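What follows is a short report on a single structure.
Just so it is clear, none of the values below were taken in a lab; they were calculated from the coordinates. Not measured: the values here are computed from a predicted model.
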């Protein structure tokens, strides 16, 4: 006994074969965008984390405020940058997911100093 309606229509079969090509095209567009804008995105992320670490370190260890209070000082557009502090080394690290991370450390006589960049 054959069930009626269990057979896929030719149109449904055609649609189900199309999704790998759509996925491949989407991946190609993302790869092209990363190739074109990747260096710019990494540069903005690096500058943002350096600025965030330096300002938060000064706020935390020069002004003596809590890190939670210092997070209020982040500028618009810095929402993706996360801050963490280390009381033992008197440093603040700012991170931008997958792209950049910078640390600023308080030094007597110098204030908050960024760690040297390594490329």
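Quick one: compute the contact order of the chain, relative version, from alpha carbon pairs under 8 angstrom and 6+ residues apart, as a percent. Present the calculation step by step, with values, prior to reporting the outcome.
On the way: 125 pairs, mean separation 27.3, N = 119.
Computed value for the chain: 23 percent relative contact order.
Before rounding to the nearest 500, sum -39500 (n - 2.57) across all DSSP H runs of length at least 4 in the chain and divide by the residue total; then give [θ] at 222 nm in deg cm²/dmol. The partial results should precede the final answer.
Values: 2 runs with 52 residues, N = 119.
Value at 222 nm, helices only, nearest 500: -15500 deg cm²/dmol.
Which angle from 0 to 90°, rounded to the nearest 10, does the C-alpha axis of helix 10-57 make with the longest principal axis of the chain?
Taking the Cα atoms of the chain, the angle to 10-57 is about 0 degrees.
Between residue 41 and residue 72, what length in nm is gained on full extension when 0.36 nm per residue of separation is reduced by their alpha carbon distance? Spell out each step's value before the answer.
On the way: separation 31, 0.36 × 31 = 11.16 nm, distance 2.39 nm.
Answer, rounded to one decimal: 8.8 nm.
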